[in-house]
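Take a look at the structure below.
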Amino acid sequence: MRAFIRRRRTQRGRTSDFRLSCFAVIVLLLSIPWQPVRAAADGAQRFEEGIRAFRAGDYQAALQSFLDALRAGLDTPGLRYDLGTTYYRLGRYAEAEREFQVLAPDPKWAPLAHYNLGLTAQRAGRPQQALEYLGQAYRTTTDPNLRTLAATALERLGGALPSPRTSAVVSLAGGYDSNATLSPDAATAGVSHQGDRFVEALAAASQRLAGDTARGWLAHGSLVLRKYADLSQFDVAGSRAGLSYETDSSRVQTSVGAYLDTAYIGGDRLEQVASVDVQARRRLDAGGELRGRYQLGHVAGGGGFEYLDGWQQRLSADAGFAPAGAFVRVGYQLELNDRRDLEQGGEFFSVSPTRHSLFATVAVRNVAGWQADARGEYRVSRYRDPNRLDVTGGTLEVTRKDDRFGFALRANRRLAPLWHAFVDYRFYRNQSNLDTYDYSRHQLMAGIEAALEK
């Protein structure tokens, strides 16, 4: 005789940790099938009675029926799980933990057992053990609903989502760029004032080489290619390779890495940057966080771009907080440049700005089935040395000053466990006291991407 319990979708609300945990347990109980094997009819009947009592909220009666079913010879993973959840609802955490421990060695039940062991450890006053169990559930489950529940529980305990040993992303997109540039930073190397369609492919991967999620070494690599339909002289290729040492405690994450980035434009090398990147993140209560970052890079310009040679430093800090249904971040970045600059004949052009940027981002998890992200930014650039220009009747010196504002919108939707569709729109407007550097840029891109973690 086969019975089943209908699956219900978990609805998360702004409730206490205890109510959220209990709600998750109830939903998962009602979503787990049971299959009595060679069990006596009486055991199966008692099991059904326990299910009905649990649904009605009579947990003491449910427990008695489940125990009667066990004594009648019905000993299945489903019954053990239901016993654990019933003990949990009755506040008998030691007995609940015992039942979930029975299930943990079974690969089919291990993620669910670890999730409930985490909830039980939390209610029993063992938060560090709860983090470990919840992290195991998050890493090993293939059920997106259980992964979401584990992630929420980890966040409420102030823990980070465990980093996978291997992660990779690939994407393919097409779009339109209203102002193809000679550099990802158009204000540095110039713009074309020409628009064109493009296709873009991206691949990125990280691999943990040694250690675990608490501390370890990771290798990173990425490649991006963009090809324009007509403006082939602006085709872009970029690569990154790096190594980082990362740590993760219950509250603080750190990363120290060394990277080599290379960019090509139209098949010619634009620049190569060797950099050191130091990052720190502090988790706050209620899902908030503080982040800081310092980057120091040595830039080597390619043929014809030697004026980009020199050093670049970036220092940034931001704060994130989680109002209902969203995550908001605000921050500041300081950028310092010390470049060779460009000198042609009697003319001189500075490419060594000091920049101050203010930015804000908003991420919303569910907008009609889409995850939406928005970013706004305002940047002030003041160049170190005055430009020297040949004009009729002599030489003109003027120090370049730029103000740039922009925003970006991105939305993605899950198509399959690994695949997402995305749409990305960006707009930037740069205003300069030198008309040559005034520009606007619109970019619209849509594509698909796949993300793998293991």
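The values are calculated or read from the model by the stated rules, or taken from the named source; none is laboratory data. A quick note: this is a predicted structure, and the numbers were derived from the prediction, not measured. We place every Cβ from the backbone using ideal geometry, glycine too, and count neighbours over all the protein chains shown. In case anyone asks, the SASA skips ligands and DNA or RNA and just uses the protein heavy atoms, side chains included. Shrake-Rupley method; radii C 1.70, N 1.55, O 1.52, S 1.80 Å.
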Practice task
At 1.4 Å probe size, with no ligands or nucleic acids counted, give the accessible surface of Ile51 in Å², nearest ten.
Solution key: 10
Completion exercise
Relative contact order in percent for the stretch 51-122 (Cα pairs under 8 Å, 6+ apart) equals 23
Fill in the blank from the handout: Expressed in square angstrom to the nearest 10, the accessible area of Val330 with a 1.4 Å probe stands at 70
Completion exercise
The simple spin-label model distance between Leu284 and Leu336, using points 7 Å out along Cα→Cβ, in nm, is 2.8
Handout entry: P(r) of the stretch 249-313 over all Cα-Cα pairs, binned every 5 Å from zero, in whole percent
Key = 4, 16, 19, 15, 12, 10, 9, 7, 5, 2, 0
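How would Arg429, Arg123 line up by accessible area, probe 1.4 Å, largest first?
Greatest to least solvent exposure: Arg123, Arg429.
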Problem - Probe 1.4 Å - accessible area at Arg441, Å² to nearest ten - result: 40
Exercise for the section: Whole number in Å², please: accessible area per residue of the chain, 1.4 Å probe, ligands, DNA and RNA not counted. Expected result: 51
Problem - Label selected from (i) 0.95; (ii) 1.54; (iii) 1.10, the criterion being Rg/Rh (Cα atoms, Kirkwood Rh) as computed here - result: (iii)
Handout entry: Kyte-Doolittle mean at least 1.0, axial Cα span of 15 Å or more - DSSP H helices of the chain
Key = 17-29
Handout entry: Mean separation of Cα contacts under 8 Å (6+ apart) over length of the chain, as relative contact order %
Key = 8
Exercise for the section: Keeping the other protein chains in place, figure out the carbon and sulfur percent of the accessible area of the stretch 355-454, with a 1.4 Å probe. Expected result: 59
Problem - Per-residue [θ]222 nm for the chain (sum of -39500 (n - 2.57) over DSSP H runs n ≥ 4, rounded to 500) - result: -7500 deg cm²/dmol
